[in-house]
Amino acid sequence: MTSTLQRTRTVINETSKPALPNHIKLRHDAGRGRWHVLAPERVFEPDEIAVEILKRCDGATTVAAIAELLAKEYNAPLQDILSDTISMLQDLADKGVVTA
């Protein structure tokens with residue numbers, strides 16, 4: 001008998017509250033001065049902006065709030081930051097690295 005388990009796609013939007021699942025870790029490698037996202041059998045090396053987004057993915061903060069903080073911190077247009085944040089988090093959600 002064949003099981004047909006379907007994975008439901010997590011869709012990221014402004015009101016999503018992203019988080020890293022328990023089996024995914026964001027770790028800093030002090031020796032190399034780099035951040036890594038550690039997933040089972042996979043390692044991602046996010047850039048500086050992605051790290052700042054991932055640090056804020058606590059399951060309580062909305063994507064809109066994360067984008068607002070980053071727009072202020074980097075003195076950048078909110079809509080650009082929001083669009084880029086949603087796009088990045090959606091890509092990671094599609095890979096199973098982020099939940100919402």
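Among the candidates Lys17, Lys25, which residue alone is within 11 Å of the chain's Cα centre (by Cα) and among the basic types (Lys, Arg)?
Checking each option against the conditions leaves just Lys17.
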Options Val97, Val51: the member that is modelled with pLDDT under 95, over 14 Å from Glu14 (Cα atoms), under 10 Å from the mean Cα position of the chain (by Cα) and not small (Gly, Ala, Ser): Val97
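Let's see how each residue does on (1) outside any helix (DSSP H, G or I); (2) surrounded by fewer than 16 Cβ atoms within 10 Å (Cβ to Cβ); (3) in contact (Cβ under 8 Å) with a residue 60 or more places away in the chain:
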site: Thr8; (1), (2), (3): yes, yes, no
site: Ile12; (1), (2), (3): yes, no, yes
site: Asn22; (1), (2), (3): yes, yes, no
site: Gly31; (1), (2), (3): yes, yes, no
site: His36; (1), (2), (3): yes, no, no
site: Pro46; (1), (2), (3): yes, no, no
site: Ala65; (1), (2), (3): no, yes, no
site: Glu73; (1), (2), (3): no, yes, no
site: Ile86; (1), (2), (3): no, no, yes
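Assess whether Leu92 counts as being buried (at least 17 other Cβ atoms within 10 Å of the Cβ) and among the hydrophobic types (A, V, I, L, M, F, W, C).
Criteria met by Leu92.
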Residue satisfying condition, being modelled with pLDDT under 95, over 10 Å from the mean Cα position of the chain (by Cα) and of a type in the set (Gly, Ala, Ser), within set Ala76, Ala67, Ala39, Ala60: Ala39
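The values are calculated or read from the model by the stated rules, or taken from the named source; none is laboratory data. Computed from a predicted structure; not experimentally measured. Don't worry about glycine lacking a Cβ; one is built from the backbone with ideal geometry, like all the others, and counts go over all protein chains shown.
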